[in-house]
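Presented below is the structure to which this report refers.
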Amino acid sequence: MRMGRKAVRAALIVAGLLGMAAAIGGRYWSQAGSAAFAAKPAARTGVPVTVAVAARQDVPIYISGLGTVAASFTVGIHSQVDGKLQEVLFTEGQHVKKGDVLAKIDPRLFQAALDQAQAKKAQDEALLVAAEKDLVRLRPPLSPTKR
């Protein structure tokens, strides 16, 4: 009886796998044996032992653990204005009262914003005066019967 090519190929693959398994198993067992032999102590030495008398007493209990802490209430503090801080007028831990000045901020930025707002107001007032004059000029004259 002649074996086909597929059967020969399968037999060679199975034989190769068995050979590899045998090589790996032999290597494992040889290393395990040498490691166990090397782990044994050369000579047994004595361990020093002390003796104490048992006594009844209070023992402190310490509990430690990992976790997170979350505040029950939080407050967001936001400044009303932004700017360069020029001066701090309090010290850490100092008691302060309502209305106390705590810090001074560079006023130039605020002065520029105020000047700009005043200029815009003056411009709008001038536009209002011009619009009122145009209204008076362009309004048709009242006829004598409609008076």
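List of remarks:
- The stretch 81-112, residues that are of a type in the set (Val, Ile, Thr) and assigned to a loop (DSSP other than H, G, I, E, B): VAL81, THR91, VAL96, VAL101
- Residues in the stretch 19-56 that are small (Gly, Ala, Ser) and modelled with pLDDT of 65 or more: GLY19, ALA21, ALA22, ALA23, GLY25, GLY26, ALA43, GLY46, ALA52, ALA54, ALA55.
- Test result for HIS78, in a loop (DSSP other than H, G, I, E, B), modelled with pLDDT of 85 or more, of a type outside the set (A, V, I, L, M) and loosely packed, with under 10 Cβ neighbours inside 10 Å: no
The values are calculated or read from the model by the stated rules, or taken from the named source; none is laboratory data. What you see is a predicted model, and the numbers here were worked out from it, not measured in a lab. Don't worry about glycine lacking a Cβ; one is built from the backbone with ideal geometry, like all the others, and counts go over all protein chains shown.
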